[in-house]
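Following: one structure in structure tokens, then a few remarks.
Each value in this text was obtained by applying a stated rule to the coordinates, not by laboratory testing. What you see is a predicted model; the values in this text were computed from it and never measured. Using ideal geometry, Cβ is built from the backbone for each residue, glycine included, and neighbour counts are taken over all protein chains shown.
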Amino acid sequence: MGIQIKTPEEIEKMRIAGRLAAEVLEMIGEHIKKGVSTEELDNICHEYIVHKQGGYPATLYYGGSPYPVDLDDEGNPTQALTGGGYPKSICTSVNDVVCHGIPNKKPLRNGDILNIDVTVIKDGYHGDTSKMFVVGEPTPQAKKLIQTTQQSLYKAIKMVKPGARLGDIGYAIQKFAEGKGYSIVREYCGHGIGAKFHEEPQVTHYGRPGTGVELKEGMTFTIEPMVNAGKRHVKHNKKDGWTVLTKDKSLSAQWEHTLLVTADGVEVLTKRQEESF
Ligand code: MF3
Ligand code: CO
Ligand code: CO
């Protein structure tokens with residue numbers, strides 16, 4: 001299929017889906033505090049996406065079948081689930097969880113850091129975004145990791161324009177994060193996005209300058225660097241089949257935006273009000 005160039009009509013739908021995903025992150029912040037469980041945060045986001053936004057939380061039963069599932073007025077599936085799939089409406093990745101953490105009943109503790117990753121499907125199109133939150137006061141080390149990871153995403157976003165190459169963008173992220181003594185996770189990357197959750201191209205957060213796909217106006221994709229305080233290697237939780245953790249138990253941070261390549265630069269489709277691009 002190759003890399004799609006979105007039509008103006010598709011771009012309008014991506015703008016809407018992107019804005020909704022950003023609004024979920026804006027909404028959930030005030031709920032994040034000591035004693036609250038990630039399952040409670042998942043419930044709040046699910047309600048908001050399904051009932052307030054009239055959207056579908058794209059991670060819910062992702063990888064299973066049927067997908068996406070029809071939801072009833074209570075937000076529960078109306079069809080029998082046969083194929084498993086990811087069980088929740090958001091991903092919550094706490095401390096040494098790199099990505100795809102499954103919301104659970106464990107109360108958050110002071111000093112925890114967590115990524116909340118939200119993907120909303122609206123009118124057939126996806127908006128995918130994540131940010132880091134802290135519970136109470138983070139350690140200076142955690143704060144620095146979170147800030148560096150966000151800066152690496154912002155530096156990458158600034159490079160997006162027609163003619164730029166993905167190898168240059170990946171290299172910039174890698175150089176910046178590794179320059180601060182951190183490491184870049186290689187097993188997961190950003191991705192094209194549109195009517196499908198994960199499309200071509202793969203957007204790695206490391207790379208070689210002067211290589212890779214050349215960006216063109218109308219492409220939509222995510223950048224979502226995962227940066228570890230320790231070594232880059234990850235392990236998988238075999239029991240739940242989803243959770244990805246750092247092998248050395250070091251902290252990990254991630255930030256994600258969905259982007260559109262415009263005629264002369266970039267539009268951040270999942271921009272939050274607190275951000276200025
Ligand atoms: N939102 C993630 C991404 O940025 C994907 C989560 S897929 C799940 O691509 F199934 F793990 F939820
Ligand atoms: Co993504
Ligand atoms: Co995501």
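Let me check against my output: what whole-number percent is the relative contact order of segment 8-266, with C-alpha pairs under 8 Å and at least 6 apart?
20 percent
Hey, any idea what Rg/Rh is for segment 8-266, computing Rh the Kirkwood way over Cα pairs?
Rounded to two decimals, Rg/Rh equals 0.95.
Once phi is turned into ³J(HN,Hα) by the Karplus curve 6.51 cos²θ - 1.76 cosθ + 1.60 with θ = phi - 60°, what whole-Hz value does each residue of segment 113-119 show in order, with x for glycine and proline?
Whole-Hz 3J(HN,Hα) from phi for segment 113-119: 10, 9, 9, 10, 10, 10, 10.
Label 7 Å along Cα→Cβ of D123; segment 228-271 residues with amide nitrogen under 11 Å?
Zone members listed by number: none at all.
Can you give the FRET efficiency for H31 and I5, using 1/(1 + (r/R0)^6), R0 = 30 Å, r = Cβ-Cβ distance, to the nearest 0.05?
On the way: r = 38 Å, r/R0 = 1.28.
After rounding to 0.05, the efficiency reads 0.20.
Explain nothing, just the number: relative contact order of segment 44-180, from Cα pairs under 8 Å at least 6 residues apart, as a whole percent.
Details: 199 pairs, mean separation 22.9, N = 137.
Relative contact order comes out at 17 percent.
Tell me, M132, M14 in order of fewest to most beta-carbon neighbours within 10 Å?
Exposure proxy ranking, most exposed first: M132, M14.
Could you order the peptides 51-57, 209-215 from most to least packed, using the average number of other C-beta atoms within 10 Å per residue?
Peptide ranking by packing, descending: 51-57, 209-215.
Using 0.36 nm per residue of separation minus the Cα-Cα distance, give me the extension gain between Q147 and N110 in nm, one decimal.
On the way: separation 37, 0.36 × 37 = 13.32 nm, distance 1.87 nm.
Between Q147 and N110, full extension yields an extra 11.5 nm.
Calculate, for K231 and T211, the FRET efficiency according to 1/(1 + (r/R0)^6) with r their C-beta to C-beta distance and R0 30 Å; round to the nearest 0.05.
Computed FRET efficiency for K231 and T211: 0.75.
Based on the mean of other beta carbon atoms within 10 Å per residue, what is the order of 102-111, 36-45, most packed first?
36-45, 102-111
Tell me, what HN-Hα J-couplings in whole Hz come from the Karplus equation 6.51 cos²θ - 1.76 cosθ + 1.60 at θ = phi - 60° for each residue of segment 192-202, using x for Gly and Pro?
Computed from phi, the couplings for segment 192-202 are x, 8, x, 5, 9, 5, 10, 10, 6, x, 7 Hz.
Under DSSP H, which helices of the chain have Cα atoms covering 24 Å or more of the helix axis and a Kyte-Doolittle average no less than -0.5?
8-28
Highest first, please rank the peptides 243-254, 186-197 by the mean number of other Cβ atoms sitting within 10 Å of their residues.
Ranking, from highest mean packing down: 243-254, 186-197.
Give, in nm to one decimal, the length gained when the segment between Y154 and A80 is fully stretched (0.36 nm per residue of separation minus the Cα-Cα distance).
Extra length available between Y154 and A80 comes to 22.4 nm.
Starting from the Cα-Cα distance between K180 and D264, subtract it from 0.36 nm times their residue separation and give me the gain in nm to one decimal.
Working: separation 84, 0.36 × 84 = 30.24 nm, distance 3.08 nm.
Length difference between fully extended and current span is 27.2 nm.
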